[in-house]
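Since the structure comes first, as structure tokens, the remarks are kept for the end.
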């Protein structure tokens, strides 16, 4: 049995929820439909002509890309031009395209964590904070003999985390009253008769990202036909999310040696380096993609060296004057995501019993050649 397109994307959005994307970004379904079963998924850094040919050759039904295919508004769709021809071939071959961009960059366990891991960084934190997750308090009233069942269902759905402590809740016993009206089918009591039941008031914290999941889990585990519960936002700071990462190498090393490590980690033939090659570095900032505008964040974080792509000339001059080193492995270093996303989706699909196959694109898409 092959997975439905929506099922594949639900798995993808569990890894990289769309609400983490920057406001200016273009994420989600960009071409085609998800209202079909998917036999094969191709994961690519970007959708170029050669990637489209690869998808056709592999008979893929869906391409999951990091760089959005449609980023700027289309003023026309003419097949005489490259973009129009590409979209025409995708539609003719019924290949859908879904983009996960800054949401995959920002999320825990996503692009920038993979890059930090490839560089061997520890004590990793976001480089440039983008938002803090909202927290909610969920309060529900449960008959005593169902307390543990409902509580565990909420915990398993993601409730009850405060910092590094899990399974956090407050429970207090009291008496609930209700009068079942005509047409009801009460779990406890009879129609037309006021009931007084020993109940447990359960309170727990719910992060914004799993709020619906926790509520649904609670309702499913609860025995009552009509469940009494409240959920409201609280003025507490949840997890902080952001672009890039900053961490430390296990030991300090010369900039030249670390530059060689960056080349190997991201499988690139060359890197551009700013700074004294003999200088010792240990605290490292890394950001996938175009990172010129975040050099100041790396400086504020106290990084010795900043690893990112597309560093422009004047930014490099300013960094040199400010005393921070830069290693630019190119924008294409982000292709580290192909194998990671493909492995994640394949594992989730296998666990669910689907036969859908996920491939990491093996087509080179870097427009630059280093001579």
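No lab work stands behind these numbers, since they all come straight from the coordinates. These numbers come from a predicted model, not from an experiment. Don't worry about glycine lacking a Cβ; one is built from the backbone with ideal geometry, like all the others, and counts go over all protein chains shown.
Translational diffusion coefficient of the range 1-75 at 4 °C, 1.567 mPa s, Stokes-Einstein with Kirkwood Rh over Cα pairs, in µm²/s as a whole number.
Numbers: Rh = 13.3 Å.
Translational diffusion coefficient: 97 µm²/s.
Against the longest principal axis of the chain, how steep is helix 147-156, in degrees 0 to 90 to the nearest 10, with axes from Cα atoms?
The angle comes out near 10 degrees.
Looking at the chain, what % of its DSSP beta bridges pair antiparallel, to the nearest 5? The partial results should precede the final answer.
Numbers: 46 of 66 bridges.
Roughly 70 percent of the beta bridges in the chain run antiparallel, per DSSP.
Kindly express, to the nearest 10 degrees and within the range 0 to 90, the angle between helix 211-221's C-alpha long axis and the longest C-alpha principal axis of the chain.
Roughly 40 degrees between the two axes.
At a Förster radius of 22 Å, what calculated FRET efficiency corresponds to the Cβ-Cβ distance of residue 49 and residue 29, to the nearest 0.05? Before the final figure, lay out the partial values.
Numbers: r = 21 Å, r/R0 = 0.94.
According to the calculation, E is roughly 0.60.
So the label point goes 7 Å from the Cα of residue 181 along Cα→C-beta, right? Which residues of the range 195-212 then have their backbone N under 18 Å from it?
Zone members listed by number: 195.
Over the range 134-234, what relative contact order in percent results from Cα pairs under 8 Å that are six or more residues apart?
That works out to 48 percent.
Rg (Å, one decimal) plus Dmax (Å, integer) for the alpha carbons of the range 134-234?
When restricted to Cα atoms, the range 134-234 yields Rg and Dmax of 14.2, 48 Å.
Could you please state, rounded to a whole Å, how far the C-alpha centre of the range 17-82 is from the C-alpha centre of the range 189-209?
46
Rg over Rh of the range 84-148, using C-alpha atoms and the Kirkwood radius, what does it come to? Present the calculation step by step, with values, prior to reporting the outcome.
Values: Rg = 21.5 Å, Rh = 16.9 Å.
Using only Cα positions, Rg/Rh for the range 84-148 is 1.27.
Once each part is reduced to its C-alpha centroid, what is the distance from the range 294-371 to the range 158-172 in angstrom?
Measuring centre to centre over Cα atoms gives 35 Å.
Using only helices, what value at 222 nm comes out for the chain when you add -39,500 (n - 2.57) per DSSP H run of length 4 or more and divide by the total residues, to the nearest 500 deg cm²/dmol?
Estimated from H runs of four or more residues: -8500 deg cm²/dmol.
Just to confirm the number: angle between the C-alpha axis of helix 82-92 and the first principal axis of the chain, 0 to 90 degrees, nearest 10?
Computed tilt is about 40 degrees.
Could you work out how far the C-alpha centroid of the range 84-101 sits from that of the range 230-257, in angstrom?
Centre-to-centre distance over Cα atoms comes out at 35 Å.
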